[in-house]
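In what follows, a single structure is set out as C-alpha cells and then discussed.
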Amino acid sequence: MQVFKLFFKLLRSNFKIIMVYLGVFLGMVTILVNVQYSKAQSGYSQDRLDIAVVDDDNAAYSAAFMEFFGTKHNLVKIENDEKEIAEGLYWREYAYVVVIPKGFTESLTGEKPMELSKMEVPGSFSAGYFEADFNMFNQKILTLLECGMTLEETFQEVQNLKSVTPKVEMASFVNESQGDSTTGVFNHVPYFFISVGIAAISLVLHAINQQEVKDRTECSPETIIKRNLGLISGVIVMGIAMLAFSALLANVFSKGQAFTDKRLPFFLINAFCVMVFSLSLGYFAGMVTKSEAAMNGMVNIFSLTLCFMGGIFVPPSVFGDNVKKVCQYIPTYWYTTNNDMIGKMAEVDNEFVTTLTKNCVGLILSGIAIFVITLVFVSAKRKRA
Amino acid sequence: MSGIYKILSELRSWPTLFWSLAFPILLSTIFKFMFGGIADATTFSESQVGVIVSAEKSELEKEFLTVTKEVKLGDASMFVVQEYTDMADATAALKAGKISGIIDVNQDFAITFKGNGVAESLIKVYVEQYLQNMKLVEDAIKLHPENIEKIIGAVSGNISKSVTVKAIELKGADKNPFSQYMYSVIGMTCLIASNMGCYITIMIQADASALGARRSVSPTGKAKIVFTDFLASYLLYDVLSMMVLLYMRFVLQTDFGKNMWPVVLATLIGNFCGMAAGLMIGVCARGSVRKKDGLCVAFFMGSSFFAGLQWGDIVRIIEKKAPLFNRINPATLIVNSFKSWAVFGDITNFFINIVTLLVIGLIFLLIAVLKLRRTKYASI
C-alpha cells in the first residue's frame, strides 16, 4: 500500500503542473461545447454567415439582394472604405464582402451588366456556398429579364422563388441527439487523457526513478512485484477517476441528460480504451524522459499530434486522401470514428458492434504495444548500465 | 565573458534545447502534412445520390433523372445517380454510406439525409434550384406567354448576358486557410522562451538555487548579471527560432509573404516578450522551482490556446466576447502580426501588433527589474 499511497502523494505535490493541462482542456471544451455543440443537430442546417455589403448603387438590385439573403445570413451595409473592409476581414467581423457598383441595376437591362466585386478571407468553406448561391441569384435575375420581364417583375419573382425549397428531413435511423454536447465532450476527452496522463505518470516516475530513491528502494523489504503492483494500482485508480470526471463533465454540459443517455455506456467503453492507450503513453514518457522540460515537450508533441491527426481538433472531412490513408493508422482516429458513430447511433446493430469492437481492440492493443516497447527499452537501458 | 559562459552552459543543457527545437519542427511538419493537401480535399468529387422513382417512370421522373445525371460542375459530373423504387432500399443504402442523400421525386422532391456535410449541401442546393427553375418557367409563361420559346431557351442556359463577380485579392501572398496553425506554432515557440527567462531568475535568486546564493553575495552587480544572462539566453533562443523559421520556410515551403524580414522581426520581438514574461514569473512567483516552471507552462499553453493553436476559430469568438484580450494576449499578437503581413499585406497592423508586443515585453521586464532590486532574505 505504501507505493500506492506514494503515487497519490506525488500526484498531489505536482498537481499544479497537471492543473495546467486540465485547465486548457476545460477551457477548450467549455468554449467548443457552447459554440459548436450547444444544440443537437436534429435537422439539416446551413451556416449563417456574416456578410458585408458595400452598396454604391442604392437601387432595386441591392434592395432585392438584402431581402433575398437577409433571412439566410447576417447582412451589414458598410462604406466603401478599403481600410475598414480590410479591418473587418482581418478581425473576421464578416467572412465575405460584396461590392455593388453605382449604376449596376440600370446596367442589368443594358447590353452588358457591370461587374460586381467580392472580397473574402481564405478558409471559409461556407463562404464558398454563399458565393454559389449568389451566382444563382444573379443567374435567375438575368434569366427572368431574358424571358421578357421588367426589372420590377424580376425582383418580385426572385423573392417569390425564395420560398420554393424542398422538404429536408433526417433519416429515421439517425439519432436526434447527434452532434450534441455529450458527443462534443467525449470527442475532446483524448486530449485530456493524453496530456494529463503523460504529465501525471511522468512526474511520478521521475520522482521514483531518481538514483538515490531507487538505491534506497532496492534495499527495502518490499518486493519489486509488490512495488509495481502498487504503481499499477495507482495508475488504474487515476485512470478511473479521469474517466469518471469525463462522464461528470459530459453530464454538466448536457444539463443532466448524459447520465440517462443510452449512448453513455458506449461512450465510456470507447473512452476507457483510449485511456488505456494514453496511460501507456504516460508510462513510456515517464521512463524515457529525465527532466520536466522534456516531459512538457513530450506532452505537447504527443497530445497535439495525436489529437490533430486523429481528427479531434480538425474534422477528418478536411483531410486529403493521402492524409486519411496515414491517419487511419493513428489510434486517436479510431477513437474519433467510434465517437462519431456512437453520437449518431439510434440503435445497436451488427455493423455498429463490429466497428466499435474493432476500433476499441485496436486502441487497447496499441496501448499494450507501447507498454511492451517501454519495457524492452527499460530492460535494454538496465543491461547497458 | 560571463555571457559566453552563459551561452556555453545553455548549450550543455541539450534536453531543453532539443525540446525547444523539436516541438515546433515536429508540430509544423505534422501540420504541413495534414493541411498541405487541403486543396485536394476541397477539390470537387462526385456525390452519390439516390433517387426514388416509380417502376413505370413518369415524364417528370425521366426528365429529373436525365438532368441530374447530366449536370456538371466544371468538367466533372455533379452526381452519380442510383435509382430506387422503394424507400426502404434507399434508406438501407444511405445507412450503409453508399449514397449521401435520397431524393423522392413523388413526394415533392423531399430529401432525406443522415448528416450535414459538403455532399448534403450540394444535393439540397441542386434540388432547390431545380424546383425554383420549374416555378420560374411556370410563372414566366403565365406573365409572358408570348415569350415561351425565349423562356425555355433562357432556362436551358441560352442567355446573352452574364454577371461576373470579380475577386479583389487581399494584398498578402498567403491564401492557405490553415496557415493560422503554422503561425500559432511559431507563437508558442516564442513563448516557450519563458522557460529560459525563468531559469535566469532561478540562477540569481538566493532562495532558489545554490548558484543564486553565491551570485547574490558576489561583487558583480545583480543588474549586470541579469542583463548578461538575459542577453546571452535571448541570442541563443533567437538562433533556435531562426532555425525553426528557416525549416518552415525552405523545407515546408510555408508562405510568409513576399518578404521574410517582418516575420523575422516579429519572431525576435516574440522571443523577447516570452523571455521577459519568464523573468517576471520567476521573480514574482513565490515557491519552488517546480511551481515557477508550472506557471511558465501555464503561460505559454494558455496564451497559445487562446491564439488558436488547438482550435483556429477561438480568436473570432474572443473578438466578439472580449476583444481587449486579443489585443494583449502575446501569442495572439504574434499570430496576428504574421497574418496581417502574410495574408492581408497590411504593414500598419503588423507594426501595431509588434509594438504592442514589445511594450508588453518591456512592462514584464520592468516589473521583474523592480522586484529584483534590493531583494533581501531573512532566511534562505
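The values are calculated or read from the model by the stated rules, or taken from the named source; none is laboratory data. What you see is a predicted model; the values in this text were computed from it and never measured. Reconstructed Cβ throughout: ideal geometry from the backbone, glycine too, with neighbour counts over all protein chains shown. These accessible areas exclude ligands, DNA and RNA; they are computed on the full protein's heavy atoms, side chains included. Shrake-Rupley method; radii C 1.70, N 1.55, O 1.52, S 1.80 Å.
Computed quantities for the displayed model
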| read-out | value |
| --- | --- |
| Listing of helices (runs of 4 or more DSSP H) fully contained in the range B:244-362 that carry 2 or more residues being at pLDDT 85 or above and in contact with a helix residue (DSSP H, G or I) (Cβ under 9 Å, 6 or more places away or on another chain) | B:261-284, B:289-306, B:323-328, B:330-342 |
| Of all residues in the range A:81-109 being part of a loop (DSSP other than H, G, I, E, B) and more than 9 Å from chain B (Cβ to nearest Cβ), the one that is most open to solvent (accessible area, probe 1.4 Å) | A:K102 |
| Any pair with Cβ under 8 angstrom, 6 or more apart, that starts in the range B:80-100 at a residue that is more than 9 Å from chain A (Cβ to nearest Cβ) and ends at one that is assigned to a loop (DSSP other than H, G, I, E, B) and hydroxyl-bearing (S, T, Y) | B:T85/B:S54 |
| Subset of the range A:327-339 that is in contact (Cβ under 8 Å) with a residue 60 or more places away in the chain and of a type outside the set (F, W, Y) - its residue that is surrounded by the fewest Cβ atoms within 10 Å (Cβ to Cβ) | A:T336 |
| Condition broken by A:G256, with the remaining ones in (1) in contact (Cβ under 8 Å) with a residue 40 or more places away in the chain; (2) at positive phi satisfied | (1) |
| Answer residue from the range B:10-35, given it is modelled with pLDDT under 75 and open to solvent by 50 Å² or more (accessible area, probe 1.4 Å) and is nearest to the other protein chains (Cβ to nearest Cβ) among those | B:F18 |
| Cβ-Cβ under 6 Å pairs, at least 6 apart or on other chains, the range B:108-120 side at the interface with chain A (Cβ under 7 Å from one of its Cβ atoms), far side assigned to a strand (DSSP E or B) and open to solvent by less than 20 Å² (accessible area, probe 1.4 Å) | B:F109/B:I103; B:I111/B:G101; B:I111/B:I103; B:T112/B:I102; B:F113/B:G101; B:E120/B:G101; B:E120/B:F113 |
| Hits in the range B:70-90 - residues which are open to solvent by less than 60 Å² (accessible area, probe 1.4 Å) and within 21 Å of B:V118 (Cβ to Cβ) | B:V71, B:A76, B:S77, B:M78, B:F79, B:V80, B:V81, B:A90 |
| Test: residue in the range A:253-263 that is open to solvent by 10 Å² or more (accessible area, probe 1.4 Å) and either within 14 Å of another protein chain (Cβ to nearest Cβ) or under 28 Å from B:F35 (Cα atoms) (or both) | no |
| Answer residue from the range A:147-158, given it is within 17 Å of B:M134 (Cβ to Cβ) and touching a helix residue (DSSP H, G or I) at 6+ places or on another chain (Cβ under 6 Å) and is nearest to the other protein chains (Cβ to nearest Cβ) among those | A:C147 |
| Test result for A:M119, part of a loop (DSSP other than H, G, I, E, B) and within 7 Å of chain B (Cβ to nearest Cβ) | no |
| Matching residues, the range B:142-154, being open to solvent by less than 50 Å² (accessible area, probe 1.4 Å) and either within 17 Å of A:Q156 (Cα to Cα) or facing chain A (nearest Cβ under 7 Å) (or both) | B:H144, B:N147, B:I151, B:A154 |
| Top-ranked residue of the range A:167-188 - restricted to ones that are assigned to a loop (DSSP other than H, G, I, E, B) and within 9 Å of another protein chain (Cβ to nearest Cβ), ranked as farthest from the chain's Cα centre (by Cα) | A:K167 |
| Residues satisfying the stated conditions in the range B:185-237, i.e. within 14 Å of chain A (Cβ to nearest Cβ) and open to solvent by 40 Å² or more (accessible area, probe 1.4 Å) | B:N195, B:Y199 |
| Yes/no for B:V118 being open to solvent by 30 Å² or more (accessible area, probe 1.4 Å), at pLDDT below 85 and within 30 Å of A:D180 (Cα to Cα) | yes |
| Qualifying residue in the range B:328-339 (condition: away from chain A (no Cβ under 11 Å), open to solvent by 40 Å² or more (accessible area, probe 1.4 Å) and not hydroxyl-bearing (S, T, Y)) | yes |
| Out of A:S181, A:S195, A:S177, sole residue that is in contact with a Ser or Thr (Cβ under 6 Å, 6 or more places away or on another chain), buried (at least 21 other Cβ atoms within 10 Å of the Cβ) and modelled with pLDDT under 90 | A:S181 |
| Hits in the range A:317-326 - residues which are touching a residue at least 12 places away in the same chain (Cβ under 8 Å) and small (G, A, S) | none |
| Cβ pairs under 7 Å, 6+ apart, first in the range A:300-316 and farther than 16 Å from B:T189 by Cα, second of a type in the set (D, E, K, R) | A:P316/A:K324 |
| Condition check for A:T355: away from every other protein chain (no Cβ under 11 Å), within 24 Å of B:F31 (Cβ to Cβ) and open to solvent by less than 70 Å² (accessible area, probe 1.4 Å) | no |
| So B:L309, is it within 21 Å of B:A193 (Cβ to Cβ), surrounded by fewer than 21 Cβ atoms within 10 Å (Cβ to Cβ) and in contact (Cβ under 8 Å) with a residue 60 or more places away in the chain | no |
| A:A200 vs. criteria more than 7 Å from chain B (Cβ to nearest Cβ) and within 24 Å of A:C307 (Cα to Cα) | yes |
| Count of the range A:285-333 residues which are among the hydroxyl-bearing types (S, T, Y), modelled with pLDDT of 85 or more and farther than 20 Å from A:S195 by Cβ | 1 |
| Some residue of the range B:291-302 being in contact (Cβ under 8 Å) with a residue 12 or more places away in the chain, closer than 23 Å to A:A95 by Cβ and facing another protein chain (nearest Cβ under 10 Å) | no |
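Quick grid of which residues meet (1) under 12 Å from the mean Cα position of the chain (by Cα); (2) at the interface with chain B (Cβ under 7 Å from one of its Cβ atoms); (3) open to solvent by less than 10 Å² (accessible area, probe 1.4 Å):
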{"position": "A:M298", "(1), (2), (3)": "no, no, no"}
{"position": "A:G311", "(1), (2), (3)": "yes, no, yes"}
{"position": "A:F319", "(1), (2), (3)": "no, yes, yes"}
{"position": "A:N322", "(1), (2), (3)": "no, yes, no"}
{"position": "A:K325", "(1), (2), (3)": "no, no, no"}
